[in-house]
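Working notes, structure below.
Please treat every number below as a calculation from the coordinates, not as lab data. Every value quoted in this text rests on a predicted model; they were computed, and no experiment measured them. Heads up, the Cβs are rebuilt from the backbone with ideal geometry, glycines too, and the neighbour counts pull from every protein chain shown.
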């Protein structure tokens, strides 16, 4: 049986590679992300996109290099016209701020390419009930499946077959 697919959004890589935080919640997310990456990710077929590569390439050069090393060899989802159209539908319906338009693209990439999961720590524009409901409604109207949108912690709870 083929492995289930997972689209890894940028925030997961940020938590995975950033310096340990003094903020208890952030530190907990960092620890969970590391545990998920090491123990659970190998059971999935991981995907990123050119958008993720662009986003993790920004900032401190040493940190960017580390983030890019973590995803070296992962399959890269293409930003097609279909992805752009779907992202535009999400952007309008969710009413994401223009500066966060990329979040609509992460949702569209995972949906359009039929990912089983989208893993993220972005609670503002991706991982919240209102956004999930809007994405599900649009995807149903477009006759495409909706990935399970979750945090690494939630994905550690998913039963999967190797």
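In table form, for the structure just shown:
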| read-out | value |
| --- | --- |
| Matching residues in region 1-12 - criterion: being surrounded by 18 or more Cβ atoms within 10 Å (Cβ to Cβ) and not in a strand (DSSP E or B) | 9, 10, 11, 12 |
| Residues of region 67-111 classified as touching a residue at least 40 places away in the same chain (Cβ under 8 Å) and within 21 Å of residue 130 (Cα to Cα), total | 11 |
| Filter pass, residue 83 being within 24 Å of residue 141 (Cβ to Cβ), part of a helix (DSSP H, G or I) and in contact with a strand residue (DSSP E or B) (Cβ under 9 Å, 6 or more places away or on another chain) | yes |
| Whichever residue in region 124-138 is more than 11 Å from the chain's Cα centre (by Cα) and not in a helix (DSSP H, G or I) and, among such residues, is farthest from residue 52 (Cα to Cα) | 128 |
| Top-ranked residue in region 52-92 [being buried (at least 16 other Cβ atoms within 10 Å of the Cβ) and over 18 Å from residue 16 (Cβ atoms); ranked as farthest from the chain's Cα centre (by Cα)] | 89 |
| Lone unmet requirement of (1) in contact with a strand residue (DSSP E or B) (Cβ under 9 Å, 6 or more places away or on another chain); (2) touching a residue at least 12 places away in the same chain (Cβ under 8 Å); (3) surrounded by 14 or more Cβ atoms within 10 Å (Cβ to Cβ) for residue 114 | (3) |
| Region 13-56: number of residues that are assigned to a helix (DSSP H, G or I), under 20 Å from residue 112 (Cβ atoms) and touching a helix residue (DSSP H, G or I) at 6+ places or on another chain (Cβ under 6 Å) | 3 |
